[in-house]
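The values are calculated or read from the model by the stated rules, or taken from the named source; none is laboratory data. A quick note: this is a predicted structure, and the numbers were derived from the prediction, not measured. Backbone-built Cβ (ideal geometry, glycine too); neighbour counts: all protein chains shown. Note: areas computed on protein heavy atoms with side chains; ligands, DNA, RNA excluded. Shrake-Rupley method; radii C 1.70, N 1.55, O 1.52, S 1.80 Å.
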Amino acid sequence: MDTLSQEAALNEINDGAGYILDVKLSSSELTKIRELVHLHAVSLVSKYYPDLKDKCSQTPMDEFHKFSDLIDHKKVWTKLNRIFPQEYIHEIQKMPFYNQLNELFGGIKVANEENLYEEEIYWRFVRPQQKNDIGPLHADKWFWDLGHGTMPEGYTRLKIWIPIWCEEAGNGLRVVPHSQKENYCCGQQERDGFLKPVFNEEDYNLNVLPLSNKAGESVIFHDRLLHGGCFNAMNNSRVSFEFTMLIRK
């Protein structure tokens with residue numbers, strides 16, 4: 001990571017474009033997190049489809065879409081299922097990039113968004129050519145406003161998103177720079193047993209920017225920043241992981 005002060009980082013996140021791209025995984029960290037995601041994914045598929053365990057174990061994660069017709073994705077890849085087991089989270093928190101985050105922001109906590117564990121880090125799986133695998137533009141704050149997660153006093157939120165299999169730059173996260181400084185109207189509806197925000201981006205003339213992150217290159221952003229996943233027009237699946245960081249105000 002290039003030298004960046006906490007003040008400079010927060011100024012860019014709060015008053016600048018709304019995000020920074022300065023924290024990156026090393027090649028060994030990327031390899032380890034890919035291993036953890038693959039192990040977790042294999043365990044999930046095996047739970048519902050034991051006959052697919054060997055196929056999953058032998059297939060790279062970014063090629064899981066090749067047998068996606070054999071899996072009920074709504075049942076297997078729920079957000080609760082995709083939250084890492086606690087022992088995996090503890091492994092991630094021992095990595096150098098996590099220490100960089102602590103140093104950059106003067107100490108961080110990992111938020112609890114779904115009330116499953118005290119700290120929650122989760123991953124996403126986006127198949128090629130599947131519009132239903134990505135959500136619309138949104139601000140994370142809207143979910144918290146609807147009761148997702150509990151904020152401890154004296155903290156504020158930042159999100160970190162890191163692609164770990166991403167076939168091409170510009171095929172990961174899309175953002176609306178500076179949108180954290182604006183107010184947008186969103187509705188709400190119940191989906192999958194939870195209240196979720198509803199936002200129609202076509203109601204606004206938005207400057208949506210696909211970011212050029214490669215695998216292992218993070219985006220750290222304000223929880224009011226409008227963002228969402230890019231449609232995966234590539235040949236392989238995109239896999240990323242993310243978590244909400246709590247930092248002292």
In sequence order, calculated HN-Hα J values of the range 164-172 (Karplus, 6.51, -1.76, 1.60; Hz; x Gly/Pro):
10, 10, 8, 5, 8, 4, x, 10, x
Once you have the alpha carbon radius of gyration of the range 129-230, what is it after dividing by 2.2 N^0.38 Å, with N set to its residue count?
1.12
Mean-position separation - Cα centroids, the range 176-249 and the range 91-134, in angstrom:
14
Using alpha-carbon positions, the gyration tensor of the range 113-154 gives root eigenvalues a ≥ b ≥ c; with a/c under 1.5 called rounded, otherwise prolate if a/b exceeds b/c, else oblate, the class is oblate
What list of ³J(HN,Hα) couplings, whole Hz, do you get for the range 41-58 from phi and the Karplus terms 6.51, -1.76, 1.60, once you set θ to phi - 60° and write x for glycine and proline?
5, 4, 5, 5, 4, 5, 4, 8, 9, x, 5, 9, 4, 5, 4, 5, 4, 9
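Take H222, H178, H227 and sort them by solvent-accessible surface of the protein heavy atoms, 1.4 Å probe, largest at the top.
H178, H222, H227
Past the 22 Å Cα-Cα mark, which pairs from K47/K131; K79/K131; K32/K75; K24/K75; K24/K79; K109/K159? Please report the intermediate quantities before stating the final value.
Numbers: K47/K131 26 Å; K79/K131 17 Å; K32/K75 26 Å; K24/K75 32 Å; K24/K79 24 Å; K109/K159 11 Å.
From the list (K47/K131; K79/K131; K32/K75; K24/K75; K24/K79; K109/K159), the Cα-Cα distance tops 22 Å for K47/K131; K32/K75; K24/K75; K24/K79.
Before I look further, what does the range 1-138 give for accessible area per residue, probe 1.4 Å, in whole square angstrom?
Values: 7120 Å² over 138 residues.
Heavy-atom SASA per residue in the range 1-138 reads 52 Å².
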Of all the accessible heavy-atom surface of the chain, with the other protein chains kept in place and a 1.4 Å probe, what percent is carbon and sulfur?
45
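Return the FRET efficiency for the residue pair N200, H178: r is the Cβ-Cβ distance, R0 is 22 Å, and the value is rounded to the nearest 0.05.
Details: r = 20 Å, r/R0 = 0.90.
For R0 = 22 Å, the calculated efficiency reads 0.65.
Determine the order of E119, E29 by accessible area, beginning with the largest, at a probe radius of 1.4 Å.
Numbers: E119 45, E29 10 Å².
Descending order: E119, E29.
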Per the helix-only model, the chain has a calculated mean residue ellipticity at 222 nm (DSSP H runs of ≥4, -39500 (n - 2.57) each, divided over all residues, rounded to the nearest 500) of -7500 deg cm²/dmol
Full extension from A233 to S46: what is 0.36 nm times the residue separation minus their Cα-Cα distance, to one decimal in nm?
64.5 nm
Ranked output for segments 132-143, 235-246 by mean other Cβ atoms within 10 Å, highest leading, reads 235-246, 132-143
